[in-house]
Amino acid sequence: MVVMDTPPQGLNSKSHVVDYYVNILQTVLGSEKDAQMSIYDASWDTHFGFCCDVDEEISSQLASLPGVLLVRPDPDFNSLKKDYSLSRDQVVNPSGLQNITNMLFPAGNSKHWLVKMDKPGVEVVTKAQIVDYYAQILTKVMGNETDAQMCIYHVSWKTNFGFCCELDEDCAQELAGVPGVLSVQPDNSFESENKDYAGSTLENSWNFSNSSEASHKAPLKTKKLFVTGLSFYTSEKTLRAAFEGFGKLVEVKVIIDKISKRSKGYAFVEYTTVEAASAALKEMNGKIINGWMIVVDVAKPNPPRYNRNRAESSS
């Protein structure tokens, strides 16, 4: 079951919306005919989405496409009435989360966490952009965007900002040190849809927000920046045009997935001087490029990478 954001303006009839769904699925299947044959249900009036018969690898690629809010197993394949609604701010079906996290954390030591986030750098963003932003934040400690997307099971994006996810304690502690993360604490209301993203920080939570803010205020000592939250259609030429106004560039490199040959949604930007990089970091964080809000951070020499075998090797 694929839950979609509202289709572009002008797609007012069922046939137009279904064609739009086919084009989305064709992006990962490579064939319009295969996409048409895979779709067996579609919703186009109040809620938007479709059901299709694809393998797990394709579903993971599908989940990363712009406009796709959620990909999950069809909870009732034989039913003619499909529920494409998202319950409040929930983005992953908790009943299907356990199987996913069992694969990501084979030692069985994962826990549910509530992550409080600082307000994004722009005032007006869509829910899809916020969800993508949260996934990019989580990718910094997990190392894989698809894994990050699957571990998030709740988001808040209107008044208070944050998300809930399932991680082991090592990843949770690393996440607390990522810029923009205010705190990471146990989700004590996992079964409830009402999450407290505004409450006080618990004593047993990790809170690195002060040190993170201080690192941004401290003088920048690198010429290389890490840019996340990119649209999958943002090219190196577009990115260069956005960043070249701050100084001479050494390199602009959008990271491409080796299998799908598509952008992974992040890039590295390197300047000839520290001053240029500092100016770009200050001005470009939170800007909109190709309709997506980007996050600009200092490129770390050895960023923490998620290792699925970490728990097994340490035990």
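Accessible surface of segment 224-298, 1.4 Å probe: 53 percent of it comes from carbon and sulfur atoms.
The protection proxy used here, the mean number of other Cβ atoms lying within 10 Å of each residue, ranks peptides 29-38, 160-169 as follows, highest first: 160-169, 29-38. Taking the inverse of the mean 1/r over every pair of distinct Cα atoms in segment 110-186 gives a Kirkwood hydrodynamic radius of 12.2 Å. Amide H contacts of MET4: PHE48, GLY49, PHE50, LEU69, each under 5 Å away and 5 or more positions distant or on a separate chain (H built 1.01 Å from N in the peptide plane; Pro and chain starts excluded). Look at the alpha carbon pairs under 8 Å that are at least 6 residues apart: their mean separation over the length of segment 110-186 gives a relative contact order of 50 percent. Beyond 15 Å, what share of the Cα-Cα pairs of segment 224-298 remains, rounded to the nearest whole percent? It works out to 48 percent of all Cα pairs. Surface calculation, 1.4 Å probe, protein heavy atoms: LEU138 sits at approximately 0 Å² accessible. In percent, rounded to a whole number, the relative contact order of segment 224-298 is 43, using alpha-carbon pairs under 8 Å and six or more apart. In segment 2-71, Cα pairs under 8 Å separated by at least six residues give a relative contact order of 43 percent. Summarised as an ellipsoid, segment 2-71 has semi-axes of 18, 13, 10 Å, derived from the eigenvalues of the Cα gyration tensor scaled by 5 and square-rooted, with the largest first.
The values are calculated or read from the model by the stated rules, or taken from the named source; none is laboratory data. Being a predicted model, the structure only gives us computed values, none of them experimental. For neighbour counting, all protein chains shown are included, and Cβ atoms are generated from backbone atoms with ideal geometry for every residue, glycine included. Just the protein is used for accessible areas: all its heavy atoms, side chains included, with ligands, DNA and RNA removed. Shrake-Rupley method; radii C 1.70, N 1.55, O 1.52, S 1.80 Å.
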